[in-house]
Structure formats: C-alpha cells, structure tokens
Amino acid sequence: MEWVDATAAVRSCLEAGVGEFVLCGGARDAELIAAISALPAPARRWSFPEERCAAFFALGRARQTGRPVAVVTTSGTAVAELLPAAIEAWHQRLPLLLVTADRPASHRGKGTPQAIEQPGIFGTYAESDFGSWRGDRPLHLNVCLDEPSRERLEASVAAVRGLEVTAGRPAAHEGAV
C-alpha cells in the first residue's frame, strides 16, 4: 500500500498506537517531519543523522515500551538502511513502522536520481497492508510525495495540530492508494 498524503500517513500512525517517531531528515521526507514535529505531547520525537542507527534505536524503543514506534526516512538508498532492523523486528515480533518518503510513482524506472523501487524492498520482513496489520511485526508505509513547498509544509503542520496522540486502530485509511 502506498500513501500520497503525509498528513494521512502520520494520522494513521497515531491511530495505530505510535507515540514515538525516530526521524532521519532529508529533502523528500520534509513534509512528514514537519507534520510529526507539530504533533502535541505526549508524542516523542528522536532525531538521527543516519538511518541504520535510527532503525535500531526505534527497534529498542518498541522492545522497551511494547508499543509501535515509527522510523521515518527520506527516499532512495536511505530506505535500504532500515532492512537489518526490520529483519530483527520480524524475528522478535516487534511493531516497527518503517515510514519512507518516496518520489512520485511516475519517477520509477526513468533514471531519476535516487529513485529506487521502494515498495516491497523489505520482502517478507515487513507487511505492507495497513488494513490487515496486527501490530506484531514491522509494517512498511511508503509515502509518495512531490518536492516539498512552503505551502505543503505549512498545510501538513496545520492539519496535525490538535490531533490526539493515543493508542487505537484506524477505521479508514485516508490518503492510501
């Protein structure tokens, strides 16, 4: 399942019980990070400059808290750095959400820099169907986003202000395709 709306992806993470986000900043995931940064308490945010370390930190937080933790990355090969932690989370049956920003699907297969086939990159080690996810294994949410603009960033921030950070399951998955 791919997402085309950063706000809807963040909202669904919250509804799935995510209370902690581990962020790896980049150009493509700026809209996701802006939305997550605007979340009210008790949402926790951790920032890492490197994806592999971030993923293992998120794995440790999921193990310690027993709740889903999301690690958020930019597009391209940064996504591949999450695979080792996804494998560990799969075997330990831990709820690790791998939220990856991606270029629009129309960029795939055209030689666009940093455009790799992100959907399915984790193979059997991460589920991709949010609707049937049981919360006991990794889940990959691939969010296809255009280049961030000031207007899009501001809209994402405004859309998440006032959201409650609580556990639960989403009834509908707005923004999924």
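The values are calculated or read from the model by the stated rules, or taken from the named source; none is laboratory data. The shown structure was predicted, so the numbers you read here are calculated from the model rather than taken from an experiment. Neighbour counts are summed over all protein chains in view; Cβ atoms, including those assigned to glycine, are modelled from backbone coordinates with ideal geometry. These accessible areas exclude ligands, DNA and RNA; they are computed on the full protein's heavy atoms, side chains included. Shrake-Rupley method; radii C 1.70, N 1.55, O 1.52, S 1.80 Å.
Things to note:
- Unmet criterion (only one of (1) open to solvent by less than 70 Å² (accessible area, probe 1.4 Å); (2) at pLDDT below 95) for residue 61: (2)
- Selected residue [in contact (Cβ under 8 Å) with a residue 24 or more places away in the chain and in contact with a Cys (Cβ under 8 Å, 6 or more places away or on another chain)] from 105, 30: 105
- Note on region 68-94: residues that are surrounded by fewer than 24 Cβ atoms within 10 Å (Cβ to Cβ), over 17 Å from residue 120 (Cβ atoms) and within 15 Å of the chain's Cα centre (by Cα) total 1.
- Residues that are of a type in the set (A, V, I, L, M) and touching a residue at least 60 places away in the same chain (Cβ under 8 Å) occur at least once in region 84-100.
- Of all residues assigned to region 81-98, none qualifies as being in contact with a helix residue (DSSP H, G or I) (Cβ under 6 Å, 6 or more places away or on another chain), over 19 Å from residue 62 (Cα atoms) and among the hydrophobic types (A, V, I, L, M, F, W, C).
- Qualifying position, being at negative phi, among the charged types (D, E, K, R), at pLDDT 90 or above and under 13 Å from the mean Cα position of the chain (by Cα), among 51, 31: 51
- Complete set of residues in region 111-144 that are part of a strand (DSSP E or B) and touching a helix residue (DSSP H, G or I) at 6+ places or on another chain (Cβ under 9 Å): 139, 140, 141, 142, 143, 144
- Each residue in region 57-77 was checked for being touching a helix residue (DSSP H, G or I) at 6+ places or on another chain (Cβ under 9 Å) and either free of Cβ contacts under 8 Å to residues at least 12 places away in the same chain or in a strand (DSSP E or B) (or both), and 5 pass.
- Residue check for residue 130: of a type in the set (Phe, Trp, Tyr), at pLDDT 95 or above and open to solvent by less than 70 Å² (accessible area, probe 1.4 Å): no
- Subset of region 1-56 [open to solvent by 10 Å² or more (accessible area, probe 1.4 Å), among the acidic types (Asp, Glu) and in a loop (DSSP other than H, G, I, E, B)]: 5, 50
- Enumeration of residues in region 95-115 that are buried (at least 17 other Cβ atoms within 10 Å of the Cβ) and touching a Gly at 6+ places or on another chain (Cβ under 9 Å): 95, 101, 102, 103, 115
- Residue within region 133-146 that is over 17 Å from the mean Cα position of the chain (by Cα) and either modelled with pLDDT of 70 or more or open to solvent by 50 Å² or more (accessible area, probe 1.4 Å) (or both) present: no
- Considering region 78-103, and only residues there that are touching a Ser or Thr at 6+ places or on another chain (Cβ under 6 Å) and farther than 18 Å from residue 133 by Cβ, the residue that is modelled with the lowest pLDDT turns out to be 103.
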